[in-house]
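**Q** Sharing a structure below in structure tokens format, with a few things to ask.
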Amino acid sequence: MKKISAKYLELQIELHNNPNYGVASIGIAPDIKEFFKAAKFKSISDYGAGKKNLFHALTKIGLKDFEYYAYDPVFPEYGPPKSGDLVCCIDVLEHIEEEYIENVLDDLKNITDKIGFFTIATGPAEKILADGRNAHLIQRPSNWWLMKMCERFEIEHLQKNSGGFLIIVKSKAFV
């Protein structure tokens, strides 16, 4: 199941050289920590982990003794996506090439055994790819995303925020 084109992977590798790229998870780490602890989960799968900023932020704010699984095609050394009690996908989905979004969402469905915590931007990014395109390849409203999510998950919570939304989903098998 293909999730990224070779050309776009090269552009993402280049963009990841920017220290300010992939930092959205740092700001939301306190919310993830609170949610994780309240649910008494043991593991986090970080889908689109980038430079593992979520892991670093969580440990910095005191989350200890949890299993962490990173996945990002830019970093093949992380290995394939793995299931976790909590699957986080923070500021990732809008960066996917639209022809592969169904595959990526199916991937998320397959690794979400319990709960998914996803943030999705709905408008343009400040960053521009080397080929001139906006870094947010998919700029669609929340209802477009919600239809796709409902095909794969039970929706627990959707909250609009500036620039997009947070959605918490539950595996249909976990209901």
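**Q** Just to be sure I understand: of the beta bridges DSSP finds with both ends in the stretch 78-175, what percent are antiparallel, rounded to 5?
**A** Once the DSSP bridges in the stretch 78-175 are tallied, antiparallel ones form about 75 percent.
**Q** Another question about this same structure. So what's the net charge close to Ser45: Lys and Arg +1, Asp and Glu -1, counting the other residues with Cβ under 10 Å from its Cβ?
**A** -3
**Q** Could you rank the peptides 78-91, 1-14, 34-47 by their average count of other C-beta atoms within 10 Å per residue, with the highest value first?
**A** Sorting 78-91, 1-14, 34-47 by mean packing, highest first, produces 78-91, 34-47, 1-14.
**Q** Using 32 Å as the Cα-Cα cut-off, could you pick out the over-long pairs in Lys37/Lys160; Lys127/Lys172; Lys60/Lys82; Lys2/Lys64?
**A** Lys127/Lys172; Lys2/Lys64
**Q** Rounded to the nearest 5, what is the percent of antiparallel bridges among the DSSP beta bridges in the chain?
**A** Of all bridge pairs located within the chain, approximately 55 percent are antiparallel.
**Q** OK, next. Arrange the following residues from fewest to most other Cβ atoms within 10 Å of their Cβ: Thr122, Thr59.
**A** The most exposed by this proxy come first: Thr59, Thr122.
**Q** Between Ser5 and Thr59, what's the calculated FRET efficiency when r is the beta-carbon distance and R0 is 45 Å? Round to 0.05.
**A** 0.85
**Q** Same structure again: Give, as a single signed number, the net charge of other residues whose beta carbon lies under 13 Å from the beta carbon of His56, with Lys and Arg counted +1 and Asp and Glu -1.
**A** The answer is +3.
**Q** Which helices count as membrane-span-like in the chain under these terms: full DSSP H, at least 18 Å along the axis by C-alpha, Kyte-Doolittle mean of 0.5 or more?
**A** 24-39
**Q** Full extension from Gln139 to Ala38: what is 0.36 nm times the residue separation minus their Cα-Cα distance, to one decimal in nm?
**A** 33.1 nm
**Q** On to the next question. With r defined as the distance between the Cβ atoms of Lys160 and Ser83 and R0 fixed at 22 Å, what FRET efficiency is calculated, to the nearest 0.05?
**A** 0.15
**Q** Further, regarding this structure: With only Lys, Arg, Asp and Glu charged, each at its Cβ (+1 for the first two, -1 for the last two), find how big the charge dipole of the chain is about the Cα centre; round to the nearest 20 debye.
**A** 460 debye
**Q** A further question on this structure: Pick out which of Asn110, Asn53, Asn18 has the largest mean-square fluctuation in a Gaussian network model of the chain, springs linking Cα atoms closer than 10 Å.
**A** Among Asn110, Asn53, Asn18, the largest GNM mean-square fluctuation belongs to Asn18.
**Q** I've got another one for you. Going by Cα centres, the stretch 13-71 and the stretch 155-173 are how many Å apart?
**A** Each part reduced to its Cα centre gives a spacing of 17 Å.
**Q** For the stretch 59-131, what is the convex hull volume of the alpha-carbon atoms per residue, in Å³?
**A** Here the figure is 146 Å³ per residue.
**Q** Two decimals, Cα atoms only, Kirkwood Rh: what is Rg/Rh over the chain?
**A** Checking Rg against Rh, the ratio lands at 0.93.
**Q** How far is it, in nm, from the label point at Phe75 to the one at Lys148 when both lie 7 Å from their Cα along the line to the Cβ?
**A** With each label placed 7 Å out from Cα toward Cβ, I get 2.3 nm.
**Q** Taking Cα pairs under 8 Å and at least six residues apart, what relative contact order does the chain come out at, in percent?
**A** 20 percent
A short reminder: the numbers here are calculations on the coordinates, not readings from a lab. Being a predicted model, the structure only gives us computed values, none of them experimental. Cβ: placed from backbone, ideal geometry, glycine included. Neighbour counts: every protein chain shown.
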